[in-house]
Structures are given as structure tokens and as C-alpha cells.
1. Here is a check on your reading of the model: is GLY90 at pLDDT 90 or above, surrounded by fewer than 19 Cβ atoms within 10 Å (Cβ to Cβ) and not aromatic (Phe, Trp, Tyr)?
2. Search the stretch 192-211 for residues that are in contact (Cβ under 8 Å) with a residue 24 or more places away in the chain and pair each with any residue that is among the charged types (D, E, K, R) and assigned to a helix (DSSP H, G or I) when their beta-carbon atoms are under 6 Å apart and the residues are at least 6 apart or on different chains.
3. For the stretch 204-231, name all the residues that are outside any helix (DSSP H, G or I) and open to solvent by 30 Å² or more (accessible area, probe 1.4 Å).
4. Does the stretch 76-83 include one or more residues that are modelled with pLDDT under 60 and either in contact with a strand residue (DSSP E or B) (Cβ under 8 Å, 6 or more places away or on another chain) or outside any helix (DSSP H, G or I) (or both)?
Amino acid sequence: MSLKPGKSPSELGLYFYATMMALFGATLGFAYMLSFPAQAFSSQEAYATMLAARAEPIPESKPGDAYYIEGSVLKTRTWELKRAQLTTKGAQTVKFAEGEMNAWLSAKFRPSTTPVGEEKPSILIVPGAPNIAITPSGSLYLNLPNKISCYGSASEFTVSARCSIEPSGLKFEKTQVNNARVPFPNILGSKIFETLLQGYQSTEEYSILSDALARADSIELAGGELVLKFP
């Protein structure tokens, strides 16, 4: 291996050491931020009310002060009929209220389990039931709780993304892990969720929803509902 002109071995060693220390510091900082759970609010108004009640509002960027909007879950089973509609071919419009979608996700969305007889990996991340919240401004919060088991110890964390619906599909505007409010770009934010949702890909529910989203002629948020129009 040849050295670049003008760079002595000692200089390269210093650069390598500085890079490793920077990566180590970033890892410690990220782990520190994960120790602060993000606060969940039922609506943007509830979050604004909390801020108004403070004598001195704390900036969102301070540890322990990140938040996300958590969607409601209806106790009725109206989602079952709409789930069936998604599997029916032909022109139609299917409207899922926030609470109906979350009732379906809560009741049916479970990741596939490790086959019996196979050894579990030393590090295992298992996603829970997703949750969505639709705001009056037309934003959608996609929240995914996860359990991570690492060499005998276990902990929980939530990945939350604020998204918008565009003609090209779902656009990730902000993604955070617990209180680590990292401004992930659109592509990286979508990749994070794509990776975590791989545990559902072999399930029937994932197949139904992903196929419906692919077939839909248009997808929009209107009046607190997810509206899918099929040609």
C-alpha cells in the first residue's frame, strides 16, 4: 500500500485516530439521545397546550423534549369491511379514518416470528404494531415501536416519521428515533422504515396493504382520513 504524496505515516495516524474518536463520540451521543423517550401527544393542539402551560418553553432540540403525534384507535371493527374492499378489484374509493386504520394495524399487524428450531441472533430488533396520526394540516405521523434484544439485555425505542402524501407517494419530511431528532433526508428516512418493516413482508396484512397502495390511482389525506381511489 502506497502513501499519498505529502502525507507522512504519523500524519495519517493522526487522521485515523481523529476519525475513530469522532465516530466513537457520535455513537455515544446517539446512545445518550436514545435514553430520552420522545413524548407522545394525541394531537398538535395537545402539544401546543403543553407548551403554553410552561413558564419558559424549552426548545424541541433539547434532550427529553422531542415529540410525535400518536393516532387514536377505534374500538369498532369497521376496518374489517374496508380491509375486504382493498382486496376487491375494480373502480372504487376506500376511506380509512385514522382510528380505523390504527384498529386494523393493532389487531392484525404482527411481524413474522423466527422459525422453530432456528437459533435467534445475538442482536434482534422486533417491530410492534405501527400507529398513524393524521393532522388537520394534512401531515401524517408514522410511528413504529420496536424492541431490541442485544446479548441478553432488552430495551424499547420508537421510530417516528412525519410524512406528506404526494403524487409520487409517501414523502418523509422528518424522522426521529426516540429523542434523537436527526433530520434524515427523504431517501434515508424511507430506507429506515423499509428495513424495519421487512419483518412484516411475509404476512398477509402487509401483502394486502402494499398491493392496494400500488394499485391505487391516487392516495390523499382529507378530513382526517386516508383516501384511496382505485381505477
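The values are calculated or read from the model by the stated rules, or taken from the named source; none is laboratory data. These numbers come from a predicted model, not from an experiment. We place every Cβ from the backbone using ideal geometry, glycine too, and count neighbours over all the protein chains shown. In case anyone asks, the SASA skips ligands and DNA or RNA and just uses the protein heavy atoms, side chains included. Shrake-Rupley method; radii C 1.70, N 1.55, O 1.52, S 1.80 Å.
1. Numbers: at pLDDT 90 or above: yes; surrounded by fewer than 19 Cβ atoms within 10 Å (Cβ to Cβ): yes; not aromatic (Phe, Trp, Tyr): yes.
Spelling it out, GLY90 is indeed at pLDDT 90 or above, surrounded by fewer than 19 Cβ atoms within 10 Å (Cβ to Cβ) and not aromatic (Phe, Trp, Tyr).
2. Hits for this filter: GLU205/LYS108.
3. Going through the stretch 204-231, the residues outside any helix (DSSP H, G or I) turn out to be 216-231.
Scanning the stretch 204-231 gives ASP217, SER218, ILE219, GLU220, LEU221, ALA222, GLY223, GLY224, GLU225, LYS229, PRO231.
4. Here is the first cut: in the stretch 76-83, the residues modelled with pLDDT under 60 are none.
Within the stretch 76-83, none of the residues are modelled with pLDDT under 60 and either in contact with a strand residue (DSSP E or B) (Cβ under 8 Å, 6 or more places away or on another chain) or outside any helix (DSSP H, G or I) (or both).
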